[in-house]
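For reference, the structure is listed below as structure tokens.
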Amino acid sequence: MAVLWQDKKRICGMPISFTRYILEEDRLILNEGLIKSVENEIMLYRIQDITLVRTLSAKLFGVGTLEVRSSDKTHPVLLIQNIKNATQVKRTLSEYVEKERDRRRVGTHEFIGDEGFEEGLDEA
């Protein structure tokens, strides 16, 4: 599979950590560790939400963190920490999530909480 984007977690803006992120057309891969290496992946169609977080220090170093929420059992919230061009990566990731959902004909379902549902019945 073709690699669309990859980066390392950055410390003070420098890619000197042993955490690597890889975006392929159908999956997001997190590879952590030096002595013991652990690789996790999330299929893109399982991603439900992507949030960009940039603290003041992150802005100073030109990095950002993406909070990726998914229906994945092992990583319901995956942090892609301190990456360069975080805004562009978020856009690219969102684009490929939608493409993969369309390709697999998967839709997202949003649930209304019990309270909201009951309130709707009372108004009728």
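Points to keep in mind about this one:
- Qualifying residue in the range 101-124 (condition: touching a helix residue (DSSP H, G or I) at 6+ places or on another chain (Cβ under 7 Å), surrounded by 11 or more Cβ atoms within 10 Å (Cβ to Cβ), modelled with pLDDT of 50 or more and under 30 Å from Pro15 (Cα atoms)): no
- Residues satisfying the stated conditions in the range 75-96, i.e. among the β-branched types (Val, Ile, Thr) and assigned to a strand (DSSP E or B): Val77, Ile80, Ile83
- Every residue from the range 1-50 that is open to solvent by 20 Å² or more (accessible area, probe 1.4 Å), outside any strand (DSSP E or B) and aliphatic (A, V, I, L, M): Met1, Ala2, Ile16, Leu34, Ile35
- Members of the range 79-99 found to be under 15 Å from Arg54 (Cβ atoms) and either under 10 Å from the mean Cα position of the chain (by Cα) or surrounded by 15 or more Cβ atoms within 10 Å (Cβ to Cβ) (or both), listed by number: Leu79, Ile80, Gln81, Asn82, Ile83, Lys84, Ala86, Val89, Lys90
- Pairs meeting the criteria (first residue in the range 9-35 and among the β-branched types (Val, Ile, Thr), second residue outside any strand (DSSP E or B) and open to solvent by less than 30 Å² (accessible area, probe 1.4 Å), beta carbons under 6 Å, at least 6 apart or on different chains) are Ile11/Ser17.
- Count - residues of the range 63-74 that are part of a loop (DSSP other than H, G, I, E, B), under 11 Å from Ile47 (Cα atoms) and not charged (D, E, K, R): 1
- Check on Ser57, more than 30 Å from Asp102 (Cβ to Cβ) and part of a loop (DSSP other than H, G, I, E, B): no
- Residue within the range 64-78 that is open to solvent by 80 Å² or more (accessible area, probe 1.4 Å), among the charged types (D, E, K, R) and more than 15 Å from Trp5 (Cα to Cα) present: yes
The values are calculated or read from the model by the stated rules, or taken from the named source; none is laboratory data. Only a predicted model underlies this, so the values are computations on that prediction, with no experimental measurement involved. Note that each Cβ is placed from the backbone with ideal geometry, even for glycine, and that neighbours are counted across all protein chains shown. In case anyone asks, the SASA skips ligands and DNA or RNA and just uses the protein heavy atoms, side chains included. Shrake-Rupley method; radii C 1.70, N 1.55, O 1.52, S 1.80 Å.
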